[in-house]
C-alpha cells in the first residue's frame, strides 16, 4: 500500500518580512498561549493549501511547478498591516496587486488542470496572506486583534520562488525550492498603485 504524505505549496517570506513574522509569532505564542507557528512552519504565503499524495504524485507536482516557473517572471509583493478570517485566524495582509494575484491564479490553474487528482478549493488564490495566529478561540482573538489592528507593518518583497513543503512529525519542512525565471518587473508601477491606494 502506498504511503500518503501531506504537502502544500507556498512562497517563503524573506528578509525583514521573515524576521518580523518570526518574532511576532513567537511573541503571540508566549503572550497569549496560542499555537507556536514559528516552531511548526516557516514564515510563508500559502499558494496551494495542503493535500495528500505519494512519492510519484509529488514528483508529478514538481514537474508541473518547474515547467510553470520556467515560463514565469518574479513579481513584486507588498505586505501591509493585518487582516483576519473570522475569529480563528489573524494574518499579515498582502496587497492585492494585479501581477501577484494573476501569477498565483495561473499557478493554481496549472496544477488543477494538469494533475487529475489535485484537489481544487473554493476561492483559491483569492486572498494572499501570511498567518501569524491560527485556531484561536474568541477570547484569544479579541486580545490579539486589539493589539495588532492598530499596527501597520509594511514590507516590499518579491514573489520569486515557489516551494513545496512536506509534513514530517507535525512540522512542515521545505522539500523543494523552485525559482521563477528572470527578475521582477513593473515594481515602480505596482509601488505607485500601492501609494495611490493608501493616499485615496
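Throughout, read-outs are computed from the coordinates displayed, never taken from laboratory work. Everything numeric in this text was worked out from a predicted model, so none of it was measured. Backbone-built Cβ (ideal geometry, glycine too); neighbour counts: all protein chains shown.
Need one number: convex hull volume per residue for the stretch 45-85, Cα atoms only, in Å³.
Measuring per residue, one finds 82 Å³ for the Cα hull of the stretch 45-85.
Starting from the alpha-carbon convex hull of the stretch 5-199, give the projected area averaged over all orientations, in nm². Walk me through the numbers on the way to the answer.
On the way: hull surface 44.3 nm².
Here the figure is 11.1 nm², rounded to one decimal.
Kindly list the residues of the stretch 22-49 that lie in the label zone of residue 143, defined by a backbone N under 12 Å from the point 7 Å along the Cα-to-C-beta vector.
Counting only backbone N, you get 28-35.
How high is the relative contact order of the stretch 9-62, in percent, with contacts defined as C-alpha pairs under 8 Å that are six or more residues apart?
47
Within 10 Å, count the other beta carbons around each residue, average over each peptide in 84-90, 42-48, and list them highest first.
Going from most to least packed, we get 42-48, 84-90.
Looking at the square roots a ≥ b ≥ c of the eigenvalues of the Cα gyration tensor of the stretch 80-176, which shape do they give, rounded for a/c under 1.5, prolate if a/b is larger than b/c, or oblate? Please report the intermediate quantities before stating the final value.
On the way: a/c = 1.91, a/b = 1.47, b/c = 1.30.
It is prolate, given that a/c is not under 1.5 and a/b is the larger ratio.
Taking only DSSP H segments of four or more residues, each worth -39500 (n - 2.57), what value at 222 nm results for the chain once the sum is divided by all its residues, to the nearest 500 deg cm²/dmol?
Result for the chain, helices only: -12500 deg cm²/dmol.
What percent does the relative contact order of the chain come to when contacts are Cα pairs within less than 8 Å and at least six residues apart?
Reported relative contact order: 32 percent.
Along Cα→Cβ, 7 Å out, is where each label goes; now give me the distance between the ones at residue 85 and residue 150 in nm to one decimal.
Reported label-point gap for residue 85 and residue 150 is 2.8 nm.
Considering the chain as a Gaussian network with a 10 Å cut-off on Cα pairs, which listed residue, 151, 128, 107, attains the greatest mean-square fluctuation?
Result: 151 has the largest fluctuation of those listed.
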